[in-house]
Amino acid sequence: MNKVIIDGNQLSIEQFINVVRKNYKVELSKRATTKIKSSRGLVDEWVNNEKIVYGITTGFGKFSDVLITKDETETLQKNLIISHACGVGEALDEEVVRGVMLLRANALAKGFSGIRLSTLETLMDMLNKGVHPVIPEKGSLGSSGDLAPLAHMVLVMLGEGEAFYEGKRISGKEAMKLAEISPVVLTSKEGLALINGTQVMTSIGALTIYDSMILGKTADVAAALTIEGLKGIVTAYDEKVHNVRPHRGQIDTAKNLLKLLKDSNMTTTQGEIRVQDAYSLRCIPQVHGASKDAIDYVAEKVNIEINAATDNPLIFKDEEEVISGGNFHGQPMALSFDFLGISLAELANISERRLERLVNPSLSGLPAFLVENGGLNSGFMIVQYAAASLVSENKVLAHPASVDSIPSSANQEDHVSMGTIAARKARNILDNTRKVLAMEILTACQGIDLQGNKGLGKGTKIAYNIVREEIEKIEHDKIMYKEINKCEEILKNNTILESIENDIGKLN
């Protein structure tokens, strides 16, 4: 059985993907189990002694100065969940919700939250049996964590709310019954432990960063096809140029282009037909490379966050100490996901400019809009319009969410991250950018055909053949959105990149 063992410290993005997309099962490590029980014992001791501890024997936020008796702890935790479930909008995708559940379980596995082992096991049972709470996409300030959306997750644990189970949207109570999972009755600290964290923004962001790493290399493939469609100059990709400005992403992109274009009869060298290309071709390593470096930076931050304790207060068993801090604050993720969105938007920006060069006869030397009987046929004219529209939308979406803040909880929580908005925006930009790259690839293949295919590079030949297996050369006008969608589906399935890397080796 495929499974991932979690302990709060070693979860990787690859393991995350295996759970959320490939339905690997999740288990707790023995060490995690011991730490959870030990931490819980300390909470029980504080409750019995009526020690004043935020969120355990007090109210929340502005109500932190209101004391709660031990007889009221169950009511306090339930009220926390039902009052905080204020999410609105469409439901998050099931893979995002699976990621939320996994990351919350992994954070609790660290043993600093004071949750009961049985309560955490209920959450893991839901994940393993496919009970996916309906979590609305909007309503989080990203601090104190993702309170509202995580409360919707916990509702189902209580037998409340709604869930998706076996493809149907049903009540949380019915879903738990069908999956044969007993709902929980929360006790001291548990409601707070379950909802005070950054797992919604981080789940959305982790999925986006994984797909972004693939898309960065796919952008190189799209660019390489366009280089051949325009008889581009490969001299600009010489390693000597990039080694004297040694940004990792730039060097890697130049190597990728040369690897993809090796043995191509469709490229030129400096001075052969022109001295230099326009920036959208000549500067591919510099632009794509900068985006890849940004993506790598964000991946590093995500790797930290998926193994972090992000709730409040935190319990340190060895010192028998509880500390109220601010690890729920999403700022490290907010800035990272804003940066990610900007880096993805730039991949689309330069892709659309290459597409424009392909369809513009004054720049390409090819028939106008890549159709032989122009005038009667419009060819790829509106493909460029659509790409330009997506690029413009990305520019709006790329405005950073993290520069905004609005006070909450009667100004007790007076600076918030908006990290979940940043993550959602980055994911939307990713989707738009994939569509633009699909349009470029489709257009580049048409340009290659019109240029006269004299033999493509080792990598680009593979990409071209995959596209042409699904999409014919456009001879006369046809319904173009269908062709665009076919090409986008190829990219979604990662067919091109996987085939290229299986044949000529990994791209960077």
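The GluC sites (Glu not before Pro) of the range 478-508 include none that DSSP puts in a loop with a beta carbon having at most 13 other beta carbons within 10 Å. Karplus-based coupling profile of the range 459-465, in residue order and whole Hz: x, 5, 4, 5, 4, 4, 5, with θ = phi - 60° in 6.51 cos²θ - 1.76 cosθ + 1.60 and x standing for Gly or Pro. Summed over all non-identical Cα pairs, the Kirkwood treatment of the range 270-327 gives a radius of 15.9 Å.
Annotation: amide H of L28 within the under-5 Å range of I6, sequence separation 5 or more or interchain, hydrogens built in the peptide plane.
Using only the Cα atoms of the range 1-119, build the gyration tensor, take square roots of its eigenvalues as a ≥ b ≥ c, and label the shape rounded, prolate or oblate: rounded if a/c is under 1.5, else prolate if a/b is larger than b/c, else oblate. Oblate shape, in that a/c is at least 1.5 and b/c is the bigger or equal ratio.
When only alpha carbons of the range 3-197 are considered, Rg and Dmax amount to 16.0, 47 Å. For K3, nonlocal amide neighbours, meaning residues 5 or more places apart or on other chains whose placed amide H falls under 5 Å from its own, are K25.
Counted by neighbouring Cβ atoms within 10 Å, the residues E27, E90 run from fewest to most as E90, E27. Over all other residues within a Cβ to Cβ distance under 10 Å of N373, the charged ones net out to -3, with Lys and Arg as +1 and Asp and Glu as -1. On the principal axes of its alpha carbon atoms, the chain extends 85, 49, 46 Å, with the longest extent given first. Calculated mean residue ellipticity at 222 nm for the chain: -18500 deg cm²/dmol, from DSSP H runs with n ≥ 4 weighted as -39500 (n - 2.57), summed, divided by the residue count and rounded to 500. Taken as Cα centroids, the range 466-508 and the range 440-460 sit 12 Å apart, rounded to the nearest whole angstrom. Of all DSSP bridge pairs formed entirely within the chain, close to 70 percent run antiparallel. Amide hydrogen proximity for T268: with H placed 1.01 Å from N in the peptide plane, the residues at 5 or more positions away or on another chain lying under 5 Å are G232, I233, V234.
I want the antiparallel fraction of DSSP beta bridges within the range 3-197, as a percent rounded to 5. The antiparallel fraction comes to roughly 70 percent. In terms of surrounding Cβ atoms within a 10 Å radius of their Cβ, I306, I295, I5 rank from fewest to most as I5, I295, I306.
With θ taken as phi - 60° and the Karplus curve 6.51 cos²θ - 1.76 cosθ + 1.60 applied, the whole-hertz 3J(HN,Hα) list for the range 474-480 is 7, 8, 9, 4, 9, 5, 6 Hz, x standing for glycine and proline.
None of the figures in this text is laboratory data; all of them are computed from the coordinates on show. Predicted model only: the values in this text are computed from it and were never measured. A quick note on method: Cβ atoms are made from the backbone with ideal geometry, for glycine too, and the neighbour counts reach across all protein chains shown.
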